[in-house]
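The values are calculated or read from the model by the stated rules, or taken from the named source; none is laboratory data. Worth saying up front: this structure is predicted, and the values here are computed from it rather than measured. Here the Cβ positions follow ideal geometry from the backbone for every residue, glycine too, while neighbour counts run over all protein chains shown. When the accessible area is computed, the model is the full protein with side chains, heavy atoms only, and any ligands, DNA or RNA have been set aside. Shrake-Rupley method; radii C 1.70, N 1.55, O 1.52, S 1.80 Å.
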Amino acid sequence: MLDERMMRCPYCKKIFWITEEEQYNNETFECSHCHKKNAGCSKTDDYGVLTGVSILDYELGEILRG
């Protein structure tokens, strides 16, 4: 059985589940509530919920890095 993790959507702020396989093999994750995709996660909150990153924020960070 695959482990699942919780991720908070950067758009609607709701929590949805992703599998361990998705976490290691996908570049984007679709929220099951608002159906928008995010560009992975940057950190976890105090409860271990992954914090999703919007695609726009990810792309802006890439531009600023170089």
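Considering only residues in region 31-66 that are touching a helix residue (DSSP H, G or I) at 6+ places or on another chain (Cβ under 9 Å) and among the aliphatic types (A, V, I, L, M), the one that is nearest to ARG8 (Cα to Cα) turns out to be LEU50. Among the residues making up region 14-39, those that are modelled with pLDDT of 90 or more and charged (D, E, K, R) are LYS14, GLU30, LYS36, LYS37. Restricting attention to region 40-66 and to residues that are under 13 Å from the mean Cα position of the chain (by Cα) and of a type in the set (Ser, Thr, Tyr), the residue that is modelled with the lowest pLDDT turns out to be SER42. Close contacts from region 43-65, counting a first residue that is within 21 Å of GLU20 (Cβ to Cβ) and a second that is among the aliphatic types (A, V, I, L, M) and open to solvent by 40 Å² or more (accessible area, probe 1.4 Å), with Cβ to Cβ under 8 Å and a gap of 6+ residues or different chains, come to GLY48/MET6; VAL49/MET6; VAL49/ILE15; LEU50/MET6.
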